1. Relative to the present Cα-Cα distance, how much length would full extension add between Thr414 and Arg117 at 0.36 nm per residue of separation?
2. Using label points projected 7 Å from each Cα along Cα→Cβ, tell me how many nm separate Gln12 and Asp71, to one decimal.
3. Provide the FRET efficiency to the nearest 0.05 for the Leu104-Thr29 pair, computing r from the beta carbons and using R0 = 35 Å.
4. Given the Cα-Cα distance of Tyr5 and Phe251 and 0.36 nm per residue of separation, how much length would full extension add, in nm?
5. Over what distance in Å are the Cα centres of the range 1-35 and the range 150-192 separated?
6. Expressed as a rounded percentage, what relative contact order does the chain have, with Cα pairs under 8 Å and six or more residues apart?
7. Would you mind calculating the gained length between Thr263 and Glu220 on full extension (0.36 nm times residue separation, minus the Cα-Cα distance), in nm to one decimal?
8. Quick one: net charge of Gly79's neighbours, Cβ under 12 Å, K/R +1, D/E -1?
Amino acid sequence: MTGRYQSYKEYQSSGVDWLQEVPTTWELTRLGKWFSERRETVSDKDYAPLSVTMQGIVPQVETAAKSDAGDNRKKVVEGDFVINSRSDRKGSSGVADRDGSVSLISIVLEPKNIEARFVHHLMRSQPFQEEFYRYGKGIVADLWSTKYSDMKNIRLALPSREEQKTIARFLDHETGKIDELIAKQERLIELLKEKRQAVISHAVTKGLNPDVPMKDSGVEWLGEVPEHWEAKKLKHVVAKIIDAEHKTADFIDDGPFLVCRTTNVRDGVLRLDGAKYTNEETYKRWTARGIPEPGDVLFTREAPAGEACVVPSEPRLCLGQRMVLFKLFRDIINEDFLVFSLHAGLADEFIAQLSQGSTVAHFNMSDIRNIPLMLPPLSEQYSIVSELREKLELMDSLSGNAERLIHLSKERRTALISAAVTGKIDVRGWQSE
């Protein structure tokens, strides 16, 4: 990180791992010297509820877990630093830009003679967060809670007040540029997703030939389709539909068989992130009605409903909860064309009709059998699949590049903050461009 920045001329040992060496001009002291804990309890009727998030302190988000303790919350004053005490919320902290109230699991600190923006960066930095949760206590490591009585003893190294202001301005400016770059890449990914969806939808509902005669599909959300295409229901193109009837899973870490759950099927691909496995006994029991084979199609009934992918050659798998397997009539439908059709929104629109205002989208087995499809001849399906793969490969490559840039930008942001607030780089002479 010191590549384009100067280091300080002289350093001293801090005596603690999270700081390592710090500039000799910085003061080594304990956190409690610079903060007092605010413990006053208030009602969220008088002090608006705030959420302590990875992005800082914000008005209470809709997805926040709400309790009945509205009259028993901690008061927050603008400029206070707030941090969630639980280790499973690591990184959830920040300086409040407004008055309000937070859950009792948060620690609220009133800064004294220290710059709020410097505090915001210092105490949200990765090294400080690791040090803070190291003081936690509890039965399970990822649910430890840290108390202020321990937190106040954390060792800090602080520059002068004026230098704190400079470091804070530097980080606000530099992280702002990084955040702007990340936001642009995230927007690019969203646009590519929209374009991807549009390309798939057009190909599997309109075909590749813009001059082909069209007819009314009879389905409101489909509009016109090529005249020679046939309207089919899913039950007419599958030889067998197998539902995962079991409700519990016997997971075994080193088992050879993947238990395919709804979390494993995303964006037309079988993903192994967070995969669960089982043994041969469970595999045989769960595949008694049919073994998933390469070329079959996996489909999610719920959480979320309507995701699909083709069964790959590896690994061998059985169905987890809310999963369905389609064994296709291969002389009628191509497996990739079916997956593209489902991703084109046919299943989504069908769910919307069935749900009738329900907040939980799900398919019953009778619903699944009646999912509408529009089928061209098999040879045309292959042509559509081939062209889609070519177009989507470019889009996926662009998305992958954007995701890698986001990852690298976040790494740089984390490293820059850590380096500045622990004195590994000297930004005293920094001026905004």
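1. Values: separation 297, 0.36 × 297 = 106.92 nm, distance 1.60 nm.
Using 0.36 nm per residue and subtracting the Cα-Cα distance, I get 105.3 nm.
2. Placing both labels 7 Å along Cα→Cβ, they lie 5.2 nm apart.
3. Numbers: r = 28 Å, r/R0 = 0.81.
With a Förster radius of 35 Å, E is 0.80.
4. Working: separation 246, 0.36 × 246 = 88.56 nm, distance 5.03 nm.
Difference between extended and current length: 83.5 nm.
5. A separation of 18 Å, based on Cα centres.
6. Working: 768 pairs, mean separation 77.0, N = 433.
Answer for the chain is 18 percent.
7. On the way: separation 43, 0.36 × 43 = 15.48 nm, distance 3.10 nm.
Separation in residues times 0.36 nm, less the Cα-Cα distance, equals 12.4 nm.
8. On the way: positive: Arg38, Arg98, Lys112, Arg117; negative: Glu78, Asp80, Asp97, Asp99, Glu110, Glu115.
Here the count lands on -2.
Only the coordinates and a few stated rules stand behind these numbers; no lab work does. Nothing here was measured: the structure is a model prediction, and the numbers come from that model. Glycine also receives a Cβ, built like all others from the backbone with ideal geometry; neighbour counts cover every protein chain displayed.
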